[in-house]
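The values are calculated or read from the model by the stated rules, or taken from the named source; none is laboratory data. Fair warning: this is a prediction, and the values are worked out from it, not measured in the lab. We place every Cβ from the backbone using ideal geometry, glycine too, and count neighbours over all the protein chains shown. For the accessible areas, the whole protein counts, side chains as well, though only heavy atoms, and no ligand, DNA or RNA atoms are used. Shrake-Rupley method; radii C 1.70, N 1.55, O 1.52, S 1.80 Å.
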Amino acid sequence: MEWLTAPFEVAFVQRALWAGILVSAICALAGTWVVLRGMAFLGDAMSHGLLPGVAIAALLGGNLLVGAVASAAVMTAGVTALGRTPRLSQDTGIGLLFVGMLSLGVIIVSRSQSFAVDLTGFLFGDVLAVRESDLALLGLALLLALAVSALGHRAFLALAFDERKARTLGLRPGPAHAVLLGLLALAIVASFHIVGTLLVLGLLIAPPAAALPWARGVRGVMVLAALLGAAATFGGLLLSWHLSTAAGATVSALAVSLFFLSHLASGIRHRRRADIPRPAADPGHAPTTRPNET
């Protein structure tokens with residue numbers, strides 16, 4: 001039992017655990033829609049698109065979070081604008097923004113004398129360096145994500161499954177998509193300091209994808225995804241402590257492992273159900289359907 005509890009008796013590990021739980025909840029709210037709409041590439045592009053703003057903030061000695069928010073706003077506006085261009089596919093526009101923003105960020109960071117340190121921290125995060133002020137910001141971000149998710153749930157749901165129906169119902173899919181991008185940006189900005197941009201997709205995509213085979217309804221996926229993300233955070237920090245591995249990477253790797261375990265278990269469950277023999281039809285029972293009369 002001491003092996004299980006010893007790491008969490010340390011203050012900075014406790015803060016890392018709470019930060020991971022809050023990030024897991026935020027990522028569950030946004031990541032569920034990312035998985036349902038097949039927006040994983042967009043999430044990856046937006047996470048790397050934060051680099052220019054973060055790099056400028058670091059060079060000027062400003063707040064990295066403010067720089068990340070500025071870059072996220074630029075990415076959100078760019079994706080929304082390019083999505084309205086009829087002759088350009090959405091994937092092409094996202095890819096161009098992805099490469100352009102990432103290249104600009106690397107150019108800016110390369111002007112710094114601490115290039116390697118700054119870039120490593122941005123890409124991989126430092127969950128063990130979370131402060132109490134970071135926890136307060138994550139709490140506010142979670143409240144904002146909950147409000148956006150609650151107010152936009154109906155529009156997001158229609159947008160995820162039938163965009164034409166959303167337009168018919170007067171739900172305005174264009175603005176709804178922009179708000180959804182804002183929710184995704186909020187999750188990425190809140191998470192990049194914890195696990196870094198390269199690993200944020202682990203908490204953004206893996207827990208919702210792992211929850212899909214087991215949950216009923218979108219809200220069920222969100223709740224189960226938040227629990228799986230919290231479990232990955234706890235287990236990742238525990239393994240990181242005892243194995244002396246990078247904390248953020250261990251959390252992300254465990255989240256992805258839970259995804260594969262979930263789908264493996266789901267496949268076994270479906271095979272067992274398929275092997276259960278069905279009762280034979282009673283030959284003396286009249287058919288419930290009647291052939292068409294000609």
- Task: Can you run down the residue pairs with Cβ atoms below 8 Å, 6 or more apart or on separate chains, where the first is in the range 1-20 and within 16 Å of Glu132 (Cα to Cα) and the partner is open to solvent by 70 Å² or more (accessible area, probe 1.4 Å) and of a type in the set (Asp, Glu)?
- Result: Arg15/Glu132
- Task: Return the pairs, sorted by first residue and then second, in which the second residue is assigned to a helix (DSSP H, G or I) and surrounded by fewer than 19 Cβ atoms within 10 Å (Cβ to Cβ), the first residue lies in the range 239-260 and is hydroxyl-bearing (Ser, Thr, Tyr), the beta carbons are less than 8 Å apart, and the residues are 6+ apart or on different chains.
- Result: Thr245/Leu239; Thr250/Leu239; Thr250/Leu243
- Task: Within the range 207-232, count every residue that is of a type in the set (Phe, Trp, Tyr) and surrounded by 24 or more Cβ atoms within 10 Å (Cβ to Cβ).
- Result: 0
- Message: Against the conditions (1) farther than 29 Å from Ala73 by Cα; (2) open to solvent by less than 10 Å² (accessible area, probe 1.4 Å); (3) modelled with pLDDT under 90; (4) of a type in the set (A, V, I, L, M, F, W, C), where does Leu203 fall short? Just the number, please.
- Response: (1)
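Please state which one of Val34, Val69, Val74 is assigned to a helix (DSSP H, G or I), touching a helix residue (DSSP H, G or I) at 6+ places or on another chain (Cβ under 8 Å), at negative phi and open to solvent by less than 10 Å² (accessible area, probe 1.4 Å). Explain how you work it out, then say what you get.
Values: Val69 fails: open to solvent by less than 10 Å² (accessible area, probe 1.4 Å); Val74 fails: open to solvent by less than 10 Å² (accessible area, probe 1.4 Å).
Residue meeting the stated conditions: Val34.
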- Those residues that are more than 15 Å from the chain's Cα centre (by Cα) and of a type in the set (Gly, Ala, Ser), I need them from the range 50-76; list them, please. Gly53, Ala55, Ala57, Ala58, Gly61, Gly62, Gly67, Ala68, Ala70, Ser71, Ala73
- Item | Exclusive hit being assigned to a helix (DSSP H, G or I), modelled with pLDDT under 85 and closer than 20 Å to Gly235 by Cα, set Trp18, Trp3 | Trp3
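How many of the residues in the range 137-156 are among the hydrophobic types (A, V, I, L, M, F, W, C), open to solvent by less than 60 Å² (accessible area, probe 1.4 Å) and modelled with pLDDT of 85 or more? Outline the logic, then answer.
To start, the set of residues in the range 137-156 that are among the hydrophobic types (A, V, I, L, M, F, W, C) comprises 137-138, 140-148, 150-151, 155-156.
Then keep just the ones that are open to solvent by less than 60 Å² (accessible area, probe 1.4 Å); that gives 138, 141-142, 145, 147-148, 155-156.
Next, from what is left, pick out any that are modelled with pLDDT of 85 or more: 138, 141-142, 145, 147-148, 156.
Adding up the residues that qualify gives 7.
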- Can you spot a residue in the range 233-247 that is of a type in the set (Ser, Thr, Tyr), surrounded by fewer than 22 Cβ atoms within 10 Å (Cβ to Cβ) and part of a helix (DSSP H, G or I)? no
- Pick from the range 250-294, criterion more than 27 Å from Ala231 (Cα to Cα) and either surrounded by 10 or more Cβ atoms within 10 Å (Cβ to Cβ) or hydrophobic (A, V, I, L, M, F, W, C) (or both), ranking: modelled with the highest pLDDT: Ala274
- Which residues, counting only those in the range 179-196, are surrounded by 24 or more Cβ atoms within 10 Å (Cβ to Cβ) and not hydrophobic (A, V, I, L, M, F, W, C)? Ser191, His193
- Query: Given the structure, is Phe41 at pLDDT below 85, surrounded by fewer than 19 Cβ atoms within 10 Å (Cβ to Cβ) and among the hydrophobic types (A, V, I, L, M, F, W, C)?
  - Reply: yes
- Item | Qualifying residues in the range 88-126 (those that are outside any helix (DSSP H, G or I), over 20 Å from Arg37 (Cα atoms) and modelled with pLDDT of 70 or more) - the one least open to solvent (accessible area, probe 1.4 Å) | Gly125
